[in-house]
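What follows is a short report on a single structure.
The values are calculated or read from the model by the stated rules, or taken from the named source; none is laboratory data. Owing to the predicted nature of the structure, the values given are computational and were not obtained by experimental measurement. Here the Cβ is made from the backbone with ideal geometry for all residues, glycine too, and neighbour counts use every protein chain on show.
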Amino acid sequence: MFTDQLELNKRCIIIGAAPVFTGHEVISDRDFVIVCDGGLAHVQSAGIHFDVLLGDFDSWEGPIPQGDFETITLPKEKDDTDLMYAVKFAIQRGYVNFIFLGVLGGRTDHFLGNLAAGAYVAEKGGLCVLFGQNERLYVLKDNILTLSPIPGTIVSVLSWGDQLRHVTLSGLAYPLEDATLTNDFPLGVSNVIPRDAQSPTIQIGEGTAIVIVSQ
């Protein structure tokens, strides 16, 4: 079971180069922080300490800096995106739960690729959270997500695969009980947390869900 308070064990932060860069205030000294390629501009401007810098450096102009971090230079021709390589690298080091920053607002193909990397995390049993502008995208599989009861928050639940089965939505304006959601009909879009909500909960019995929380 997960909550939107992001109190996650063994947490890895991955920072990309997309223009929307929000949420870096959640980074703590306990996090393992990986910077992908042009995401270096974000961490330099925000003064963020990081552990690993990796990429093929096609989106970074200038010399690659040196410091008390590991640098991994990747080939330009490869199967994994820089961010996907970072996810696999962190999983090999024992990390399960991920937060992606700087991954929205750029090219649509890059965004969908980043979302696919989040689905890979969910397949491994973890939670992946992508930070956007006034929104968070939670990717989880066969699990439960409990949200803070903030009235007026918009909550959308979408299926990454063909179906989400045994979906129960409680504490929302439009509840569901043991429902099936498909990826060709957006039934779960634009739900809302009502004023009297106690513990808004998204329960996914089977399948990988994208839960978009907008405020």
*Does at least one position in segment 55-68 carry a residue that is within 16 Å of ILE15 (Cβ to Cβ), in contact with a strand residue (DSSP E or B) (Cβ under 6 Å, 6 or more places away or on another chain), surrounded by 11 or more Cβ atoms within 10 Å (Cβ to Cβ) and of a type in the set (A, V, I, L, M, F, W, C)?*
no
*All but one of (1) of a type in the set (A, V, I, L, M); (2) surrounded by fewer than 19 Cβ atoms within 10 Å (Cβ to Cβ); (3) more than 17 Å from PHE131 (Cβ to Cβ) hold for LEU40, so report the exception by its number.*
(2)
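Evaluate the following for ILE212: is it at pLDDT 95 or above, in contact with an Asp or Glu (Cβ under 9 Å, 6 or more places away or on another chain), surrounded by 15 or more Cβ atoms within 10 Å (Cβ to Cβ) and within 21 Å of LYS124 (Cβ to Cβ)? Explain how you work it out, then say what you get.
Working: at pLDDT 95 or above: yes; in contact with an Asp or Glu (Cβ under 9 Å, 6 or more places away or on another chain): yes; surrounded by 15 or more Cβ atoms within 10 Å (Cβ to Cβ): yes; within 21 Å of LYS124 (Cβ to Cβ): no.
So ILE212 does not fit the description; no.
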*asked:* If TYR95 satisfies all but one of (1) in contact with a strand residue (DSSP E or B) (Cβ under 6 Å, 6 or more places away or on another chain); (2) closer than 14 Å to GLY16 by Cβ, what's the number of the condition it fails?
replied: (2)
*Could you pull out the residue among ASP196, ASP184, ASP178 that is surrounded by fewer than 16 Cβ atoms within 10 Å (Cβ to Cβ), assigned to a strand (DSSP E or B), of a type outside the set (Gly, Ala, Ser) and not assigned by TED's automatic domain parsing to the domain that holds PHE21?*
ASP178
*Output the qualifying pairs, or none if there are none: Cβ atoms under 9 angstrom, residues six or more apart or on different chains, first residue in segment 166-188 and free of Cβ contacts under 8 Å to residues at least 24 places away in the same chain, second residue of a type in the set (D, E, K, R).*
ALA179/ARG165; THR180/ARG165; THR182/ASP162; ASP184/ASP162
*Considering LEU112, LEU140, LEU130, which residue is outside any helix (DSSP H, G or I), under 22 Å from SER159 (Cα atoms) and free of Cβ contacts under 8 Å to residues at least 40 places away in the same chain?*
LEU130
*Out of GLY161, GLY113, GLY125, sole residue that is assigned by TED's automatic domain parsing to the domain that holds HIS24 and either within 13 Å of the chain's Cα centre (by Cα) or more than 18 Å from ARG11 (Cβ to Cβ) (or both)*: GLY113
*Which of (1) surrounded by 20 or more Cβ atoms within 10 Å (Cβ to Cβ); (2) closer than 30 Å to PRO149 by Cβ does ALA17 not meet, given it meets every other one?*
(2)
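Of the residues VAL33, VAL103, VAL52, VAL87, only one is crowded, with 19+ Cβ neighbours inside 10 Å, within 19 Å of VAL129 (Cα to Cα) and without any contact (Cβ under 8 Å) to a residue 40 or more places away in the chain; which?
Working: VAL103 fails: without any contact (Cβ under 8 Å) to a residue 40 or more places away in the chain; VAL52 fails: within 19 Å of VAL129 (Cα to Cα); VAL87 fails: without any contact (Cβ under 8 Å) to a residue 40 or more places away in the chain.
One residue alone meets the criteria, VAL33.
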*asked:* Restricting to segment 56-83, name every residue that is under 19 Å from the mean Cα position of the chain (by Cα) and not β-branched (Val, Ile, Thr).
replied: ASP80, ASP82, LEU83
*Regarding ILE15, is this residue modelled with pLDDT of 95 or more, under 19 Å from the mean Cα position of the chain (by Cα) and more than 21 Å from SER214 (Cβ to Cβ)?*
yes
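Do we find that ASN183 is closer than 16 Å to GLN215 by Cβ and polar (S, T, N, Q) in this structure? Working first, answer last.
Working: closer than 16 Å to GLN215 by Cβ: no; polar (S, T, N, Q): yes.
It is false that ASN183 is closer than 16 Å to GLN215 by Cβ and polar (S, T, N, Q).
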